Amino acid sequence: MLGAAMDALDHLRDHLFEIWQGQSAMDGITPNALWQFTPPPDDLIRQNIAPNPAAAATHLANWRDGLDTRTASLHQAVLGALDLVHWQFAYKTSELESRFFDHYAFFELIGPTGHFRSHQCNVYFGYWGPDLFYPAHYHEAEELYFVISGKAIFAADGTAPKELGPTHQTFHASWQPHWMTTGANAVLTLILCRGNGLTGAPVLCAK
Ligand code: ZN
């Protein structure tokens, strides 16, 4: 990217790194759970990945009110990059109800197949609209969810379901089934993954 102008994905990466390194307003959250989970990667290489649209992105684009002051700048940085990101869905349309795919999407900012390639960790941003049930699934990589905006009930095998809002976090161990429910609110999350299985897709649990 020598000589190329900074774009909204670069700004999102830079803002996330400020938070990750404890240099931003969210530095008030101590200890820095993101860093404790995995340090910021030092092997990033920007990839030329074409944008991929998602219906959910249009819902997210309209979400500008009621933001938490601690996380609003990160939310805004995500909104700034909406048109550049390659939205993904992880599941086949036959696996989940069709309504799900109009109200959910995620993108890989950092990772083996992300906008910024890294082999050290994954960073995803995921959006789920109101009144959605994300069924139980699992994957090999260990995972930290960090809620940027909105709220949802997070549940995992062996733990009591809990409602999480802005700055709240939850951890999923390797292969631990977990699921999520939204109510009146949508939820925007930052998702970090570490360990083995960074390129592995999540698998839905058998019903
Ligand atoms: Zn997961």
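Checking Ser118 against (1) under 25 Å from Ile49 (Cα atoms); (2) under 15 Å from the mean Cα position of the chain (by Cα); (3) away from the ligand (no atom under 15 Å from the Cβ): exactly one of these is not met. Which one?
Ser118 satisfies all of (1) under 25 Å from Ile49 (Cα atoms); (2) under 15 Å from the mean Cα position of the chain (by Cα); (3) away from the ligand (no atom under 15 Å from the Cβ) except (2).
Of all residues being surrounded by fewer than 18 Cβ atoms within 10 Å (Cβ to Cβ) and among the hydrophobic types (A, V, I, L, M, F, W, C) in the range 88-107, which is nearest to His137 (Cα to Cα)? Just the residue, please.
The extreme case among them is Ala90.
Within the range 137-156, track down each residue that is closer than 21 Å to Thr93 by Cβ and more than 10 Å from the ligand (Cβ to nearest atom).
Residues satisfying the conditions do not exist here.
Here's the yes/no breakdown for (1) at pLDDT below 95; (2) under 17 Å from Val203 (Cα atoms):
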position: Ile110; (1), (2): no, no
position: Gln120; (1), (2): no, no
position: Asp131; (1), (2): no, no
position: Pro135; (1), (2): yes, yes
position: Thr159; (1), (2): yes, no
position: Lys162; (1), (2): no, no
position: Thr167; (1), (2): yes, no
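Consider Val85 carefully, then state whether it is buried (at least 16 other Cβ atoms within 10 Å of the Cβ) and closer than 17 Å to His139 by Cα.
The answer is no for Val85.
Counting just the residues of the range 165-176 that are crowded, with 17+ Cβ neighbours inside 10 Å and within 14 Å of the ligand (Cβ to nearest atom), which one comes out nearest to Tyr138 (Cα to Cα)?
By that ranking, first place goes to His172.
Within the range 192-207, how many residues are surrounded by fewer than 17 Cβ atoms within 10 Å (Cβ to Cβ) and assigned to a strand (DSSP E or B)?
1
Filter the range 150-190 down to residues that are part of a strand (DSSP E or B), in contact (Cβ under 8 Å) with a residue 40 or more places away in the chain and in contact with a Ser or Thr (Cβ under 6 Å, 6 or more places away or on another chain), then give me how many there are.
Qualifying residue count, the range 150-190: 1.
Kindly indicate whether Gly126 is in a loop (DSSP other than H, G, I, E, B) and crowded, with 20+ Cβ neighbours inside 10 Å.
Considered against the rule, which asks whether it is in a loop (DSSP other than H, G, I, E, B) and crowded, with 20+ Cβ neighbours inside 10 Å, Gly126 comes out as no.
For every residue, the table says whether it meets (1) within 17 Å of Trp128 (Cα to Cα); (2) at pLDDT 90 or above.
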site	(1), (2)
Gly3	no, no
Pro39	no, yes
Ile49	no, yes
Pro53	yes, yes
Ser73	no, yes
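The values are calculated or read from the model by the stated rules, or taken from the named source; none is laboratory data. Remember, it's a predicted structure, so these values are computed and weren't measured experimentally. Quick reminder, even Gly has a Cβ in these numbers, built from the backbone with ideal geometry, and neighbours come from all protein chains shown.
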